[in-house]
Amino acid sequence: MSTKKIAVLTSGGDAPGMNAAVRAVVRTAISFGMEVYAVRHGYNGLLTGEVEKMDLRSVSNIIQRGGTALLTARSPEYNTPAGVKKAADKCREMGIDGVVVVGGDGSFRGARDLTGAGIPCIGIPGTIDNDIACTDYTIGYDTAMNTAMEMIDKIRETTESHDRCNVVEVMGRRCGDIALNTGIAVGAISTLVPEVEYDFEKDVIERIKKAQETGKHHFIVVVAEGIGHVEEICKKIEAATGIESRVTILGHVQRGGSPTVHDRVVASRMGYYAVELLRDGKSNRVLAMKGEDIIDLDITEALDMPRVFDEKLYKISMELSR
Ligand code: ATP
């Protein structure tokens, strides 16, 4: 049976590009002759009835905005069997027979459970962290990396003027992808990520000292959020090298901002693809990028996949920063 009345929601942490995905879902659904509804505040909105019918103009002027115009939430009530059943019953009451969920892997578990309760769901990966195993890319990741890079470029100028070292913590939770790529882009002397065990003396101190011997006098060390201890790392660098050192935790600035071209285009493609799947009667699927292609996978299988870290790229980052 093909789906006729669908809803879209954003869940978990917000990410730049979520709006482009929502816009694509709404406009594709309308062009396929479906009715489309927006749910505010993630799964919470299904429970409380924060559901609104969308038309073509409802998603005007959001493609360039960061955050999520639908608002998001973490819903403890939904995260229970009774909550999922209540949400599915509400969907049935409203005649909603398909839901597109934009979020991270917690949100995909929610989508899997809602599918199990009888409401077909499709997941779109949206999180700045790029920490979803089944996909090479998550919406928001490119914008977050560019924001981190721009901020560190600014830090670098003052670091250079004062012959200092700056230890910069970037986001990513347990995933080091933002740190790895940003570290390369800003020419960090060392990048620490949770996926790679490091030897502080060899991978940080010795690198700084060797570079000092060749005339370098200012340093950026990028540390992934999953490593933590940035204050301690900073103090140890200053003590071991004698270089005045500072800490910067970039924090939530990385979650905001106007999405890059890449995020807007991937989000638009995924939004379109998700509605095609619902139109074709598919459910419990999650979209993933493999290289430049978008594919769809079973949500349950996708959630069981192990994450792969790009060891080669890490090696390159350490080879180039001298
Ligand atoms: P991010 O990676 O940006 O934090 P996320 O989607 O992983 O995004 P979570 O807070 O883990 O964020 O999940 C978002 C919401 O999804 C939760 O608040 C909850 O309502 C729902 N959810 C998470 N796990 C489950 C689960 N096992 N069953 C049902 N719902 C779940």
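A short reminder: the numbers here are calculations on the coordinates, not readings from a lab. Owing to the predicted nature of the structure, the values given are computational and were not obtained by experimental measurement. Note that we place each Cβ from the backbone using ideal geometry, even for glycine, and neighbour counts take in every protein chain shown.
What the table shows:
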| item | result |
| --- | --- |
| Normalised alpha carbon radius of gyration of region 82-230 [divisor 2.2 N^0.38 Å] | 1.44 |
| Simple label model, 7 Å out from Cα along Cβ direction - E311 to A133, nm | 1.8 |
| Region 64-118, dipole about Cα centre (Lys/Arg Cβ +1, Asp/Glu Cβ -1), debye to the nearest 20 | 100 |
| Packing-based ranking, highest mean first, of 302-310, 139-147 given that Cβ atoms within 10 Å are counted | 139-147, 302-310 |
| Most positive-pole-ward Cα, I220, V193, I233, against dipole of region 143-255 from beta carbon charges | I220 |
| Rounded to whole Å, sorted largest first: equivalent-ellipsoid semi-axes of the chain, Cα gyration tensor | 42, 18, 16 |
| Whole-Å distance, taken between Cα centres, linking region 94-173 and region 258-322 | 11 |
| Structure-based [θ]222 nm, the chain - -39500 (n - 2.57) summed over DSSP H runs of at least 4, per residue, nearest 500 | -13000 deg cm²/dmol |
| At R0 = 45 Å, FRET efficiency that the Cβ-Cβ distance of R74 and H162 yields, to 0.05 | 0.65 |
| Relative packing of 203-215, 164-176, 88-100, 22-34, which averages over residues the other C-beta atoms within 10 Å, highest first | 164-176, 22-34, 88-100, 203-215 |
| Given charges at beta-carbon only (K, R positive; D, E negative), |dipole| of the chain in Debye | 900 |
| Reachable aspartates and glutamates, given that their alpha-carbon falls under 19 Å from the alpha-carbon of K154 and they are not under 8 places away in the same chain | D142, D163, E169, E244 |
| Helix 311-320 vs. the chain, principal-axis angle (Cα, 0 to 90°, nearest 10) | 30 |
| Greater than 26 Å apart at Cα, pairs in K90/K290; K4/K90; K53/K290; K5/K282; K202/K290 | K90/K290; K53/K290; K202/K290 |
| Cα pair distances in region 249-322, grouped into 10 Å bins until the bin that holds the longest one, percent each | 14, 28, 37, 16, 4, 0 |
| Tail fraction, Cα-Cα pairs, region 143-255, threshold 19 Å, whole percent | 37 |
| Length added when fully stretched, E292-R109, from 0.36 nm per residue minus Cα-Cα | 63.3 nm |
